Each structure stands twice: as structure tokens, then as C-alpha cells.
1. Scan segment 16-48 for residues that are more than 14 Å from Lys6 (Cα to Cα) and either surrounded by 10 or more Cβ atoms within 10 Å (Cβ to Cβ) or in contact (Cβ under 8 Å) with a residue 60 or more places away in the chain (or both) and jot them down.
2. Can you tell me which residues in segment 1-28 are modelled with pLDDT under 90 and under 10 Å from the mean Cα position of the chain (by Cα)?
3. For segment 8-27, give me the residue count where each residue is part of a loop (DSSP other than H, G, I, E, B) and not β-branched (Val, Ile, Thr).
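The values are calculated or read from the model by the stated rules, or taken from the named source; none is laboratory data. Since this is a predicted model, take the numbers as computed values, not measurements. Here the Cβ positions follow ideal geometry from the backbone for every residue, glycine too, while neighbour counts run over all protein chains shown.
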Amino acid sequence: MTFQIKLITAYKAGLHISQKKLNEGFTDCFTITFTSEKNRDAYLIDPA
């Protein structure tokens, strides 16, 4: 994904492994890193 959207500097995905059972049925976790709030805001309004 980072090669398609230049505003993203890192993207990670993984399984929910917390023993606290707060996942409410979710099994996966995703983290997206941006270089600035400006880039994050531009990503949030992008229709793609």
C-alpha cells in the first residue's frame, strides 16, 4: 500500500493478541504512519 499512496510512510497489519479480551470481535489490527498531520488529513479525504 505504501507504494500506491505516497502520503503513507509505513503500514503494518497483524492479529489481535491482547489477553484483555477488549477486541469486541475484531481479529486484525492495522497501523498506518504518516510524516505529518497534513498528510494524514489529505489521506482521510481521498476518495480512493
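1. If the condition is that a residue be more than 14 Å from Lys6 (Cα to Cα) and either surrounded by 10 or more Cβ atoms within 10 Å (Cβ to Cβ) or in contact (Cβ under 8 Å) with a residue 60 or more places away in the chain (or both), then His16, Asn23, Cys29 are the ones that fit.
2. Answer for segment 1-28, where residues must be modelled with pLDDT under 90 and under 10 Å from the mean Cα position of the chain (by Cα): just Ile8.
3. 10
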